[in-house]
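Please read the structure below before turning to the comments.
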């Protein structure tokens with residue numbers, strides 16, 4: 001995941017926000033605590049790193065587009081080298097599947113640092129070779145986006161906790177832009193790219209965004225680390241249609257050209273790499 005630096009307008013965006021208390025992360029290390037979250041999984045990118053993703057159907061995994069590109073070169077990972085491990089916990093997955101095809105938003109551009117323009121299109125779908133039909137692994141429903149002031153939850157893998165997911169079941173949406181950029185107080189770290197952001201209305205978990213980047217608010221009513229996500233809705237519909245139509249624009253987004261590609265941040269342990277235990 002890329003680091004999005006704090007923007008000067010953040011102080012204005014966050015002014016007047018209620019200072020409700022966010023909840024800390026809870027490790028989902030046992031079968032009991034992980035129950036209901038098994039469709040969230042770790043996405044292993046060959047031997048180079050990992051991201052987080054979630055099943056939205058038996059064969060489709062939702063994640064961030066930038067996860068599919070090498071942090072050093074900007075080159076696209078070979079789909080055959082990507083494995084989704086549903087409910088990965090302490091060396092075992094509830095179910096896992098290799099990737100047949102991956103599609104990214106056609107307006108996504110590979111850049112060394114995140115900007116608003118990259119975050120709003122930082123969305124990808126992975127189609128698995130075989131559907132995951134294991135009992136208990138129930139794909140999540142999706143909703144277009146959260147609203148400003150909503151309470152949301154995030155389940156993620158990240159640096160120092162890549163062997164079991166963690167849940168933050170209460171953080172806040174600071175702003176939800178019309179173009180699809182979501183600002184949140186949710187806690188994210190290296191490896192949390194692609195993590196699903198959930199609405200818990202009526203006690204049902206529905207994905208409303210995908211984590212793309214993190215930054216810092218340095219003024220206004222909220223000061224501290226913030227996370228950034230992308231809205232779903234029409235953007236996700238576009239990816240589904242592309243899979244059905246085998247649209248090549250989505251299957252291979254252009255790599256960055258020009259100056260030397262700088263190392264990525266926020267995917268795996270300090271970049272796209274992490275050490276296996």
Checking the structure you have, find out if any residue of segment 219-234 is part of a helix (DSSP H, G or I), crowded, with 17+ Cβ neighbours inside 10 Å and at pLDDT below 90. no
Only listed residue being more than 19 Å from residue 229 (Cα to Cα) and either modelled with pLDDT of 95 or more or out of contact with any strand residue (DSSP E or B) (no Cβ under 6 Å at 6 or more places or on another chain) (or both), chosen from 61, 99, 154, 142: 99
Give the number of residues within segment 95-120 that are surrounded by fewer than 20 Cβ atoms within 10 Å (Cβ to Cβ), assigned to a loop (DSSP other than H, G, I, E, B) and in contact (Cβ under 8 Å) with a residue 24 or more places away in the chain. 6
Name the single residue that is modelled with the highest pLDDT among those in segment 4-16 being surrounded by fewer than 19 Cβ atoms within 10 Å (Cβ to Cβ) and in a loop (DSSP other than H, G, I, E, B). 5
Hey, any hits in segment 162-178 for a residue that's part of a strand (DSSP E or B), touching a helix residue (DSSP H, G or I) at 6+ places or on another chain (Cβ under 8 Å), at pLDDT below 95 and surrounded by fewer than 21 Cβ atoms within 10 Å (Cβ to Cβ)? yes
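The values are calculated or read from the model by the stated rules, or taken from the named source; none is laboratory data. Keep in mind that this is a model prediction, so the values were computed, not measured. Here Cβ is always computed from backbone atoms with ideal geometry, including for glycine, and neighbour counts include all displayed protein chains.
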